[in-house]
1. Modelling each spin label as a point 7 Å along the Cα-to-Cβ direction, I'd like the His269/Glu242 distance in nm, to one decimal.
2. Once you wrap a convex hull around the alpha carbon atoms of the chain, what is its projected area averaged over all directions, in nm²?
3. Exactly which trypsin sites (Lys or Arg not before Pro) in region 238-278 are in a DSSP loop and have at most 13 other Cβ atoms within 10 Å?
4. What nm value, rounded to one decimal, do you get for the distance between Asn141 and Tyr115 when each label is placed 7 Å out toward the C-beta?
5. Is it possible to state the helix-based mean residue ellipticity at 222 nm for the chain, with each DSSP H run of 4+ residues giving -39500 (n - 2.57), the sum divided by total residues, to the nearest 500 deg cm²/dmol? What is it?
6. Rounded, prolate or oblate: which fits region 208-357 when a ≥ b ≥ c are the square roots of the eigenvalues of the alpha-carbon gyration tensor, with rounded for a/c under 1.5 and prolate only if a/b beats b/c?
7. Tabulate in residue order the Karplus-calculated ³J(HN,Hα) for region 235-249, using 6.51 cos²θ - 1.76 cosθ + 1.60 with θ = phi - 60°, rounded to whole Hz; enter x for Gly and Pro.
8. Which GluC sites (Glu not before Pro) in region 269-373 pass both tests, a DSSP loop state and at most 12 other beta-carbon atoms within 10 Å?
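The values are calculated or read from the model by the stated rules, or taken from the named source; none is laboratory data. All values reported here derive from a predicted model rather than from experimental measurement. Reconstructed Cβ throughout: ideal geometry from the backbone, glycine too, with neighbour counts over all protein chains shown. For accessibility, only protein heavy atoms count, side chains too; no ligands or nucleic acids. Shrake-Rupley method; radii C 1.70, N 1.55, O 1.52, S 1.80 Å.
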Amino acid sequence: MKKLEKSKLSGGKTVQISGSKSISNRLLILESLFSNIKIGNLSNSQDTQLLKKALSEDTEVVDIHHAGTAMRFLTSYYSIQEGKTTILTGSGRMKERPIKNLVSALRDLGVEIEYMENEGFPPLKIKGRKITQTSVNVPANISSQFITSLLLVAGKLENGLEINLVGEVTSRSYIEMTLDILTKFGIQSSFEGNIIKVEPFTDNNSEAVHYEVESDWSSASYFYSICALGRETIHLKSFYKESTQGDSAIANIYEKFFGIKTTFSEDEHKLTLEPQPDFSFPEKIILDMNDCPDIAQTLCVTAAALKIPFDISGLGTLRVKETDRLLALYNELKKLGTETEITDLTIKSISFGEPENNISIKTYQDHRMAMSFAPFSLIKEINIEDEDVVEKSYPAFWKDLESILTH
């Protein structure tokens, strides 16, 4: 249990955030497949360390625990390891997270994959093979990590790969981030309409490309929330103005709805978060977060703390994350005095009341629940259950939080 006393934000402090988990995990797969990549500022998250460990070991059974990204990326990775059979498993919750759409796509490409327990869910038995088929149809509204999983191995296929996204694309920005990374390492691709094409990588003799991983924008989101509630300046490192991370949308969202202006220092790769004086908060926040669902929890807690009505859509993927994040928000926002209504795609506020006494937030084994609710300590003392869950993406979170707050 992490007890957070009611605090104030100490202005002008700087926080150095670890490399992006999303980018780091993509790079680790590419580094293992190709020899021309050197990575700097790798994420220190538990998910990234689990993926790195899995890629370095030559074992038949690979257990990635709670690491959903690793489960998805490794499913495609082991599918192209010719002659190798791998059993890919994880925690109890991981065995409840659907992976059928990715497995179906790989089966369509000729890979032999068996569900070892329940149809459509891990653990998987994967028999790696050489893929020669050149195209596959994939539902467009599935997790972008399924699509990225295929994209990361596509350049290793002798004929490349064409992916036809059927329907409306979800989380397009994450797909574009993956393609941008591929381009940096000489893997040619295109994304026109709903068709993604990746060419086979041929320049195996090229010099190693060094990739310095940008810090994680979803981790930055919690400090935007703190800034919005504490109304003091915060500096964050290391970030880039032209970021390919979808969660960089947090800068525009928090400027529009909470008056937090972001200034970039190119030479120091530093963000300055500065509350605008005399900012008029909106009567209501109406927002489609289809391209950045991972920061929805942060936004909801900020709005609840400030008692600003909200109606957030585009959240279909939140049901199948570390927990059912929409249900978790519904349950825990009540403790802050906020009643909400949820569907499979949306969450909206219904009413605002007074927070409970002795607030204790359940985290549901979800790192983002812990970190998104922590800024509420600027309003009232709050307890966060199972505080170690932050190690999944941001092990230094509590230390960094304490460095900018005063009691």
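1. Modelled inter-label distance: 1.6 nm.
2. 18.9
3. Lys241
4. Between Asn141 and Tyr115, the label points sit 2.0 nm apart.
5. -9500 deg cm²/dmol
6. Oblate shape, in that a/c is at least 1.5 and b/c is the bigger or equal ratio.
7. Using θ = phi - 60°, the values come out as 10, 10, 10, 10, 10, 10, 5, 9, 6, 9, 6, x, 6, 5, 4 Hz.
8. Working: sites: Glu283, Glu322, Glu332, Glu339, Glu341, Glu356; in loops: Glu283, Glu322, Glu356.
Sites meeting the loop and neighbour criteria: Glu283.
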